[in-house]
Structures are given as C-alpha cells and as structure tokens.
Amino acid sequence: MKRTLVRSFFVATFLLLPLQYGLVGLGNLIGIGEPWPAVVQPGFQNVWDNDGAVTVLSPEFRLEFGDGGTESILPGLVFDDVPASHHLGIMRSHFKPAKHEEVDRATRMWLGDRFEELSGRRPSHANVIWYEVRVDQSADATSRTPVDTLAIEIPRK
Amino acid sequence: MTPSRIDTWIHDSFGVSAVGLALYRILFAAFALLVIAPGHDVYVDLVSLAALPDSLYAPPPGPMALFDGFPSAEIGALLHFLLNVSLIALLFGVRTRAASIAVGVLFLLVYGFTYSVGKINHTILFPLLPLIMSFSGWGAAYSYDGLFRARAHVSSWPLTMLALVVGFGMFTAGFAKILGGWLDPGTHAAYGHVVKHFLVRGRTDLLAPTAVEMEHDLFWELIDYGAVCFEIGFLAAVARPRVFRFFAAFAVLFHLGVMLTLNISFVFNIIVYAAFVDLRAAGRTFGAYLPRIRPNIGVRLAMLGGVVVLAICAQIYGSPLLLLNERFVMESDLQAHEVLVVLLASIVVVVFGIRKAVSPLDGLATEIRPVLNMDRYRRSAVTLGSTFFVYVVLVATNLGEFWPFSIYPMFSQGGIPWSRAVVREIPRDDPALGWESRTVSQLPGEPYPLLEHGVDPIDLANFVSKTRIWDERRVHGLRKMFGEGEIARRDLLVMRVDGRIVDDDSVSVSFVPYALMTADSTALNSSLPRTSDSASPIR
C-alpha cells in the first residue's frame, strides 16, 4: 500500500477517534446512550465518598397471583439466557417507571410465560420494584428501601 | 513532527516479520476459538438470545438500529457458523484478508446483538484487531495463502494504527475517571467499586473479600491515581514503541488486579495487548522450531478440508476450555476459563518482566534463547521457581486447593468449625419431613452412600457450603451431580452438616436440610438465600 494512502488512513483515524468520542459524550448527555461500535473503554466513572455509603438501585419482580399470593423473583432468574452483567441494563432499558408508563403487550405476554415457567403458575400482575440498596461500610450496615414501582398487568394466555 | 518523522513513526515503530505475524495470527485465531468460543460462551451466544421477545430489543445508537429485533435461533446459529469458518480460515491462513475482515465484522455484529438488550460491554478492541491487522500481511507465512497463493507483503503500520486505537481507548477510560472525580483525595473510587461489586453485585470471588476488608486510605488513593495515570498515559505512550510495549505488558497485570478484586476479567483485551510483543524477534526465536511445509496437493486438500471439519467441530462442541466453567463454578459471573487465561498471561508478563529487568539484553529472542540454552541446573531452578509461583498464585487466589497443585493441610484445621454434606434417601411423600435442623439421631430416611453412586463427597460438601445464592443454575448443578435418572428413582434430601467445639470439650454436630430433590422438582429450605424469596420448588 502506498505511503501516502497509509498516511491518509492515520490522518482520518486522528480525526475520527476524538469525533466519535464526542458522539459518545453527546449520546450520554442527551440520554440515548453509548453507540456501538465506538472506541471507548469502561470508565467506572462513579466515585465513593469516603465518609458516605455506596448506594445502588436494585430491581426485582413482585408477582401477584389470583388467589392473593405473592412471590418475588430477581431479574437474573427471569433473564437467565442473557449474561449476568446485562440484567441491570435490561431492567433500566425496559422497566424503569420514569421511562415506561406501560410495558407493551408482547413483553407482558413473554414475562407471563416466563413467570409461569419459573413459579409454576401464571400471575395476574407483576410489579417491578426498584430498591435503593445502601451499603454503609463504616457502620457495617446495609439497607434496602423501595423507591419506585412499575405495575405490569400480565395478559391471560 | 516532520513528515519524515511521522512516516518513521507509522512504518518503523513496531518491527515485524512474516513468521512473527503468522505466529500472532495463529495465536489470535486460536484464542478466539478457545476463549471467546462463538456460539458457546454466554457473551457470544445468539441462539440463547433468540429466546427474548423482539419487544426487548433496544439497540444502541448505530448500525444495530437497522435491525428490528434479535435474530432467530436459526440465523443466530448461521452467524456462529460463519464466524467459526472465518476463524478457522484465519487460523490456516486461507484467504487471510477476507477471513480477517469477516471475523471483525461478524464479531461486531454478534456483540452488537448481545449489547442490544441495554448494556454495552467494552469489547471493541477485540473485533477491531482483525480488521486492522488484515492490512499487515499476517497471512504471508505458515498459511495456505503463503503456500499456494502469491506471497503477501508484510507491513508494520497496522500495529502502529492498533497502538493508536488501543491508546485512545484506554485514554477514554482514564478521562471518564477524571471527570467522575477519581483524583479528588476525598473520594475512594476504586474502593467504592470493590465494595459495590462485592456487596451488591455478588462479585465475591478470588481476592474480593480481602480487598473489601482492606480499608487503607492511602493505598486506595494511590490506586485511584495510579489507574488514572496509567490509562491517560497509554495514549502518550503511543509515540514511543518501547514505552507502549511496557504499557501493554502492564495492562495485563492491571486487568489481573481488576479481575482479582472486582471479578471482571476483560479477557478479550489480553490478546490485543499480545500484538505488541516483539513479533520480529518472536519470529526469529520460534520460527526455528516450526516445521517447514512443502506445498503439494495433499497439504492443499488437508488445509481446505480442515477449515470445514474444524469449523463444524467448533460449531458443535465449542471450546474444551469451557468445560472448566462446569468444574469450577464461581459465585460471581466470572468464568473459570477467563481466570485461567488472565493468570497465564500475567505469568508470562511477570516472567519476561523479571528477565528483562535482570538482563541487559534486548528483545524477545535474546530473552528466550538463554532459557532454552541454559545449563540444566539453572533450567531446573527456573522450572521450580515458575512452578512455585504458579502454586502460590493459584492456591492463594482460590483460598484452598487448586488441582493439580495440592496442599496437605492434614490436622492443621483442628478446633475450627467445619462443614460437610450428607444425603438421605427419603420415602416418597414423607409427611413428617420438615426443614428444621436435626441431630444425628433425628435424621430422616436412609443413608445414601455417595461414593457408591459416583458422587464425590468433597465436591458435594464444597458445592453445598460455598453456594451463596441458590438460583436455578445452582439447583441444576446440584441435580446434575446426582443425575436425573437417579433422582427419578428415589427422593434425595441434601443436608449440610456443621460441626463445632462447644464448652471446650465436646463437639456439636447439626444437620440442616438444604434441598429435597424429587423427580419433578427441587424444594429448597426457605431460609436459604435465593433469587426468589418463595419456597416454591425449582425445576
């Protein structure tokens, strides 16, 4: 390959790398998320306040059955075909009350089938409860407070 | 920089040879087949993903938005097969450039679908590598192309390009940390992540418990600063090949540290860093030991047939390394084969790093040859030292024994509480069966001799005592230990046995029922931590 062409490749790369990183920042800023593919490595941007506590959001499905019974299932069990590191991502994308006032029928149907498979009976409703898990390492204490709920009606078969 | 200096940097930073590049090509393809294992490892398994409804398809901005949903299981399997064919073609150097581009594009696509559930794992450097290296002529030697087609010209500029991309990628990680406040002395960012991943995400393997207990302000602040400096410095190092090689080598140890404490392996980056080994010297050193192949029709047919046969094998059987994941199940989502690869890479870096530090000689060739040529006493010492190092690393990180490196702690645990497991055969539909703890005289049913039924008592005891969350996967693992055929014949109650010294002169032994396995289901003790807080049976 000619040297001038190779040099052009490098010039293009020098320009494209910061440009695509700018798009990554823009995507995060306006809330559409990080593009794929993009030359970005994980930043682990959040920091730990030495005097405070670690706080994270943790969701779970609370199933309600026709006979009044309830059962809780963690997303990891519902989405066990998906890598564990993606479970929270799925929940954030599809089951955050602020983003989704209503879950579409296809998802509700699939969830109903999945819940039936896992618990042996089909629930009539499911609530996605988002807990704030607070770990205070200095006080050796962990608390879990429900902070948000998304109600999902499970369609009958 | 003047134009001539820029050209020198582009073309002469990293020395290459046809043999060195060929060795790296073979290593990369083998790594992708054995470690990444398309279609078999959970991160590159589109067939499993096909079980999700298309309504959950949430593509990231970019080309994945062109698709309406996840591929069907059939299309997923076809993509896996194409990827396996491309990788085997790359391994044998058949149509190397086309195979390299196919590998890169297919990995981008497969990862793209995996990341269309709402989360991106930053594997980008791995698929970009074959795309960039397709211009290097890495198929010129030890390849079908080299034997039967026009010999390709080798170029080193793709390595400089790869260094630029890797350096920039690492820079983005460091830059995000600066924006997030990692350099604020009032924060302990790395420690916060360790605590969060340990206590909330269940990443409790390897040295994570030790790291959580290490509340040392200065240490964690140094880690915060060190991580940022290292990642930002990576980009600056691109200008100096020798410095960049040091950064690439250190990156392996950096990922080792992340894996040990955060239980995140980043195994796909390891092979990218390996591209910056001195390939010219590696070619000189190892090329002498490689067989010379004469081009004839037999070789031609064997190579072309090998692509098809091995691709089918890879498609059906996957990687034998994945068997490790069944043998060594981790509490976190870390996988045993990833741990092995990162450990091996770290050992290579440490061994060569030490030799580099003590030797005034330069280059990989001069590093390897003395080891091969040294007298038998020195070679014995090096072998013993390396074995001891592996032993220390494996035993230390496993908090116990790690086959085949055994320790013999006989009688060294006296007085310490212990835990084992027993299994009882229970009469069908026993109404008196409860979940309360029992003494030896209150055990239900009949003894179930484990060894007679091919179940290793130590394995079972470890499985029972080390399982923290009893999810479906662990229950499946427990049933698999006994076999569905055996469970169909008899109901089995797995009990944990805890023993401890009481009143300084006697031993208390209690039996806690954990799981009742019947033909249809597995009922768990409701007090066990599990993914569902109900006591309903899991199958």
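For chain A, hydrophobic long helices are taken as DSSP H runs at least 24 Å long by C-alpha position along their axis with mean Kyte-Doolittle hydropathy of 0.5 or more; these are A:3-30.
Note on region B:115-244: with charges restricted to the Cβ of Lys and Arg (+1) and Asp and Glu (-1), its dipole about the Cα centre is near 700 debye. From largest to smallest, the equivalent ellipsoid semi-axes obtained for region B:1-82 from the alpha-carbon gyration tensor read 39, 21, 9 Å. Of the residues B:Tyr144, B:Pro209, B:Met133, the one whose Cα sits farthest toward the positive end of the charge dipole of region B:125-269, with +1 on the Cβ of Lys and Arg and -1 on the Cβ of Asp and Glu, is B:Tyr144.
Sequentially through region B:119-136, phi angles give Karplus couplings (6.51, -1.76, 1.60; θ = phi - 60°) of 8, 10, 8, 8, 9, 4, 5, 5, x, 6, 4, x, 5, 6, 6, 4, 8, 8 Hz, Gly and Pro residues having no value and appearing as x.
Sort B:458-464, B:29-35 for me by packing, meaning the mean count of neighbouring Cβ atoms within 10 Å per residue, highest on top.
On the way: B:458-464: 16.9, B:29-35: 20.9.
My ranking of the peptides, most packed first, is B:29-35, B:458-464.
Out of region B:185-269, which GluC sites (Glu not before Pro) are coil in DSSP terms and have no more than 16 other C-beta atoms within 10 Å? Taking region B:185-269 and a limit of 16 other Cβ atoms within 10 Å, the loop GluC sites (Glu not before Pro) found are B:Glu215. Rounding to the nearest 10 and keeping the result within 0 to 90°, find how far the Cα-based axis of helix B:96-114 lies from the longest principal axis of chain B. The answer is roughly 40 degrees. Which of rounded, prolate, oblate describes region B:76-134, given a ≥ b ≥ c as roots of the alpha-carbon gyration tensor eigenvalues and a/c under 1.5 marking rounded, otherwise prolate only if a/b is larger than b/c? Oblate shape, in that a/c is at least 1.5 and b/c is the bigger or equal ratio. By its C-alpha gyration tensor, with a ≥ b ≥ c as the square roots of the eigenvalues, how is region B:208-340 shaped: rounded for a/c under 1.5, else prolate for a/b larger than b/c, else oblate? Oblate, because a/c is 1.5 or more while a/b does not exceed b/c.
Comparing A:Leu57, B:Val16, A:Ile90 along the charge dipole axis of the protein assembly as shown, the residue lying farthest to the positive side is B:Val16, per the Cβ-charge model. Mean partner shielding of peptide B:173-179, defined as the number of other chain Cβ atoms within 10 Å of each residue Cβ, is 5. Modelled label positions at A:Asp67 and B:Cys313, each set 7 Å beyond Cα in the direction of Cβ, lie 5.4 nm from each other. Converting phi to 3J(HN,Hα) with the Karplus coefficients 6.51, -1.76 and 1.60 and the offset θ = phi - 60°, region B:294-304 yields 8, x, 8, 5, x, 4, 4, 5, 4, 5, 5 Hz in sequence order, with x at every glycine or proline.
The modelled label-to-label distance for the pair B:Arg378/A:Ala106, using points 7 Å beyond Cα in the direction of Cβ, is 6.7 nm.
Taking a quarter of the surface of the convex hull around the Cα atoms of region B:436-539, what do you get in nm²?
Working: hull surface 29.3 nm².
Taking a quarter of the hull surface, the average projection is 7.3 nm².
Helix B:336-358 and the longest principal axis of the C-alpha atoms of chain B enclose an angle of approximately 50°.
Taken about its Cα centre, the protein assembly as shown carries a charge dipole of roughly 3600 debye when the Cβ of each Lys and Arg holds +1 and the Cβ of each Asp and Glu holds -1.
Show me the chymotrypsin sites (Phe, Trp or Tyr not before Pro) within region A:20-120 that DSSP assigns to loop and that have at most 16 other Cβ atoms within 10 Å of their Cβ. Here the chymotrypsin sites (Phe, Trp or Tyr not before Pro) that fit, given the DSSP loop and packing criteria, are A:Phe65. Across all directions, the average projected area of the convex hull around the alpha carbons of region B:56-202 is 12.4 nm². Summarising the label geometry, the points placed 7 Å from Cα in the beta-carbon direction at B:Leu323 and A:Ile30 lie 5.2 nm from one another. In chain B, helical runs assigned H by DSSP with n ≥ 4 each contribute -39500 (n - 2.57); averaged across all residues and rounded to the nearest 500, the mean residue ellipticity at 222 nm is -17000 deg cm²/dmol.
Using equal-weight Cα scatterers in the Debye expression, the normalised intensity of region B:174-282 in log10 at q = 0.17 Å⁻¹ is -0.88. The simple Förster model, with R0 at 41 Å and r as the Cβ-Cβ distance, assigns B:Leu301 and A:Leu15 a FRET efficiency of 0.30.
If the limit is 29 Å between Cα atoms, which of A:Lys96/A:Lys157; A:Lys157/B:Lys480; B:Lys119/B:Lys196; A:Lys96/B:Lys196; A:Lys157/B:Lys119; A:Lys96/B:Lys177 go over it? Walk me through the numbers before you get to the answer.
On the way: A:Lys96/A:Lys157 25 Å; A:Lys157/B:Lys480 32 Å; B:Lys119/B:Lys196 18 Å; A:Lys96/B:Lys196 21 Å; A:Lys157/B:Lys119 31 Å; A:Lys96/B:Lys177 26 Å.
Result: A:Lys157/B:Lys480; A:Lys157/B:Lys119 exceed 29 Å.
Nearest 10 degrees is fine. How inclined is helix B:73-92 to the longest principal axis of chain B, computing both from alpha carbons? Taking Cα atoms only, the helix is inclined about 50 degrees.
Which length gain, in nm to one decimal place, applies between B:Ser526 and B:Arg149 when the Cα-Cα distance is subtracted from 0.36 nm times their residue separation?
On the way: separation 377, 0.36 × 377 = 135.72 nm, distance 6.66 nm.
129.1 nm is the gain from fully extending B:Ser526 to B:Arg149.
Based on every Cα atom in region B:94-175, Rg and the maximum pairwise Cα distance Dmax equal 15.1, 48 Å.
Which FRET efficiency value, to the nearest 0.05, is calculated for B:Arg294 and B:Arg428 with the Förster distance at 60 angstrom and r the Cβ-Cβ distance? Don't skip to the end; give the middle numbers.
Working: r = 69 Å, r/R0 = 1.15.
The calculated FRET efficiency here is 0.30.
With a cut-off of 15 Å between beta carbons, the residues surrounding B:Phe81 carry a summed charge of -2, where Lys and Arg count +1 and Asp and Glu -1. Computed from the Cβ-Cβ distance with R0 of 56 Å, the FRET efficiency linking B:Val105 to A:Ser143 stands at 0.70. Its relative contact order, with pairs defined as Cα atoms under 8 Å and 6+ residues apart, puts chain B at 13 percent.
Projected onto the charge dipole of region B:59-155 (+1 at Lys/Arg Cβ, -1 at Asp/Glu Cβ, origin at the Cα centre), which of B:Ala99, B:Thr123, B:Ala65 gives the Cα projection farthest towards the positive end? Projecting each Cα onto the dipole axis, the largest value belongs to B:Ala99.
When the P(r) of chain B is calculated, the portion above 43 Å amounts to 29% of the C-alpha pairs.
Partners of B:Lys356 within straight-line reach, counting aspartates and glutamates whose Cα lies under 16 Å from its Cα and excluding those fewer than 8 residues away in the same chain: B:Asp278, B:Glu367. Chain A has equivalent-ellipsoid semi-axes of 40, 24, 13 Å, by the square roots of 5 times the alpha carbon gyration tensor eigenvalues, sorted largest first. Alpha-carbon geometry of the protein assembly as shown: the Rg and the Dmax are 27.6, 88 Å, given in that order.
Comparing A:Leu77, A:Leu16, A:Leu57 in a Gaussian network model of chain A where C-alpha atoms under 10 Å apart are linked, the largest mean-square fluctuation is found at A:Leu16. Give me the net charge of B:Ala381's neighbourhood, meaning all other residues with Cβ under 14 Å from the Cβ of B:Ala381; Lys, Arg count +1, Asp, Glu -1. Every neighbour counted, the sum reads +3. A convex hull fitted around the alpha carbon atoms of region B:126-244 yields 158 Å³ per residue.
Read-outs throughout are calculated quantities, based only on the coordinates presented, and are distinct from any laboratory measurement. Please read all numbers here as calculations on a predicted model, not as lab measurements. Ideal geometry is used to build each Cβ from the backbone, glycine not excepted, and the neighbour counts take in all protein chains shown.
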